[in-house]
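These notes concern the structure reproduced below.
The values are calculated or read from the model by the stated rules, or taken from the named source; none is laboratory data. If you're wondering where the values come from, they're calculated on a predicted model, not measured in any experiment. Cβ coordinates were reconstructed from backbone atoms using ideal geometry, including for glycine residues, and neighbour counts include every protein chain displayed.
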Amino acid sequence: MSESVERAFDALVAAVNQKSHELARQIAQAAAKEEFEKVTALSRKWKLVEDFKPKISRLAAEWRDLVVQASPGRDETESRAMWSPLTPRDAYVVPILEAVSERGVAPVAHVLDLVYKKMAGVLHPGDLEPIPSNPRMPRWRKYAQRCRLELVHRGLIRADSPKGLWEITDEGRAFLRTSKEGVEPLRPET
């Protein structure tokens, strides 16, 4: 039950992030056409979506707390990871795209090493703890891999790259440029 609720929260976050990205893309298109009234209206919608993200995070945290309280027999490490703050998955987007774009196509291990270097000052202690199913894999690494799947679904990372390689798309490069120019459709929650 708890895992299915966690997956539901992940799906909700992904859907909200996708809507945010879609609105940011529409804002950029309207700005390029100098449709400033449309930019204003879309920006208001984008802000509402962005303001909704912390609410989801709080609900997910409440759920995790509830699960920990209801499961006194849980392993201490697993319980600690459930209530330890974790870096939001959105925070992985730009570092992943930057790491992949350095080469255009890069081996997974190389990308993840670069992502870790780029995020070392951002990751929380809970991110560094191992996942329960693989004590040798830190949680941040699993989150980065899940984030990559999200980026594939959004068309920012190629889905048809050879196994073990991540490849950025033209849309991924454009998204990266846009995020560096100050429009951050997938900004990390604060």
Any chance region 33-47 includes a residue that's within 21 Å of the chain's Cα centre (by Cα) and of a type in the set (A, V, I, L, M)?
no
Of all residues in region 103-155, count the ones that are small (Gly, Ala, Ser), under 15 Å from the mean Cα position of the chain (by Cα) and farther than 18 Å from GLU171 by Cβ.
1
Among the residues that make up region 164-171, is at least one of them in a loop (DSSP other than H, G, I, E, B), modelled with pLDDT of 90 or more, in contact with a strand residue (DSSP E or B) (Cβ under 9 Å, 6 or more places away or on another chain) and hydroxyl-bearing (Ser, Thr, Tyr)?
yes
Can you confirm whether region 105-123 contains a residue that is under 23 Å from LYS53 (Cβ atoms), at pLDDT 90 or above and in contact with a Leu (Cβ under 6 Å, 6 or more places away or on another chain)?
no
List every residue pair whose Cβ atoms sit under 7 Å apart, with the two residues 6 or more apart in sequence or on different chains, where the first one lies in region 38-52 and is within 8 Å of ILE27 (Cβ to Cβ) and the second, anywhere, is among the small types (Gly, Ala, Ser).
VAL39/ALA30; VAL39/ALA31; LEU42/ALA30; TRP46/SER20; TRP46/ALA24
Out of everything in region 172-190 that is charged (D, E, K, R) and more than 22 Å from PHE52 (Cα to Cα), what residue ends up being modelled with the highest pLDDT?
ARG173
